[in-house]
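Structure first, commentary second.
The values are calculated or read from the model by the stated rules, or taken from the named source; none is laboratory data. Just so it is clear, the model here is predicted, and its values are computed rather than measured. Cβ atoms come from the backbone with ideal geometry, glycine included; neighbour counts cover every protein chain shown. Note: areas computed on protein heavy atoms with side chains; ligands, DNA, RNA excluded. Shrake-Rupley method; radii C 1.70, N 1.55, O 1.52, S 1.80 Å.
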Amino acid sequence: LSLTIPLRLSNLDIQMKYNLKMACQKLSELSNDSCYIYYPECQLFNKRANLHITVLSIAKFDKYNNIFKCFLENNESYLHQIRLAINSNGLYPSPIYVELRGLLLTDSAIIIKGYPTWDINRFRDTLRTNLDNTNLSHEGRYKNELCHLTIFRFGKDDLTTHQYDNLKKYVYENNNTYFGKYNIMEMHIASAGWTCSKTTTQIHHTFMLRNL
């Protein structure tokens, strides 16, 4: 369960689509398509990824059931506190962007680092404080200045040592590669399965950040 920014293909410029597609194709080649890869475009709907930039995880997989139950039972309260955090941090109706630059390898995925044009930790802290003050469960997470876009996730099949080493090398070589800048219009609170496919993603609410 996370607060996410959806990457709508209609809002991606041609160069950004191309950069993401080329990175995904290279990761597929290096892993022999043995992992989950989130292509920006896919003709098969059940394999199409729900591409999104993660702003804040409210519940990770290991604590998902308890927190998600609390969210369902207190849905309007959660939404109200998120709206308060959005409004008090100037995210509406100001133009805001995320610059996607550089790959990063984690224990479970390869992500693209996102550099927002607003103080993301101030927003996170405001929301966590709001949730704490109203006794609404959420995930305690470390601080960093980034958000992220997942494009590759381990777990489909086992990688060979050679494949993993090649992936690490590719990530290292592209740790500062520019992918593009995304103009943010909306934020979702959503839950998704491990593959983040369109068929396993559930959007619970959309917060508009700009008048369209």
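Worth pointing out:
- Filter pass, residue 140 being closer than 18 Å to residue 1 by Cα and modelled with pLDDT under 90: yes
- For segment 108-135, a residue qualifies if it is in contact (Cβ under 8 Å) with a residue 24 or more places away in the chain and open to solvent by 70 Å² or more (accessible area, probe 1.4 Å), and the qualifying residues are 115, 119, 122.
- The set of residues in segment 202-212 being farther than 20 Å from residue 67 by Cβ and open to solvent by less than 40 Å² (accessible area, probe 1.4 Å) consists of 209 alone.
- Unmet criterion (only one of (1) open to solvent by 60 Å² or more (accessible area, probe 1.4 Å); (2) at pLDDT 95 or above; (3) outside any helix (DSSP H, G or I); (4) more than 21 Å from residue 192 (Cβ to Cβ)) for residue 104: (4)
- Checking each residue in segment 184-212 for being aromatic (Phe, Trp, Tyr) and in a loop (DSSP other than H, G, I, E, B) picks out only 194.
- Meets criteria (among the polar types (S, T, N, Q), surrounded by fewer than 17 Cβ atoms within 10 Å (Cβ to Cβ) and over 17 Å from the mean Cα position of the chain (by Cα)) for residue 199: no
- Residue among 168, 156, 181 that is part of a strand (DSSP E or B), in contact (Cβ under 8 Å) with a residue 12 or more places away in the chain and open to solvent by 70 Å² or more (accessible area, probe 1.4 Å): 181
- The one condition from (1) in contact with a Cys (Cβ under 6 Å, 6 or more places away or on another chain); (2) within 30 Å of residue 22 (Cα to Cα); (3) among the small types (Gly, Ala, Ser) that residue 108 does not meet is (1).
- Filtered residues of segment 39-65 (kept if modelled with pLDDT of 70 or more, part of a loop (DSSP other than H, G, I, E, B) and not aromatic (Phe, Trp, Tyr)): 40, 50, 51, 58, 59, 60
- If the condition is being in a strand (DSSP E or B) and not hydrophobic (A, V, I, L, M, F, W, C), then segment 107-139 contributes 113, 114, 115, 116.
- Residues of segment 5-33 that are at positive phi and not acidic (Asp, Glu): 32 alone.
- Yes/no for residue 81 being touching a helix residue (DSSP H, G or I) at 6+ places or on another chain (Cβ under 8 Å) and polar (S, T, N, Q): yes
- Here residue 64 clears all of (1) touching a Phe, Trp or Tyr at 6+ places or on another chain (Cβ under 9 Å); (2) under 25 Å from residue 201 (Cα atoms); (3) among the hydroxyl-bearing types (Ser, Thr, Tyr) except the condition numbered (1).
- Looking across segment 136-153, just one residue is closer than 18 Å to residue 103 by Cβ and open to solvent by 90 Å² or more (accessible area, probe 1.4 Å), and that is 145.
- Residue satisfying all of: in segment 8-29; under 15 Å from residue 152 (Cα atoms) and among the aliphatic types (A, V, I, L, M); most open to solvent (accessible area, probe 1.4 Å) among these: 22
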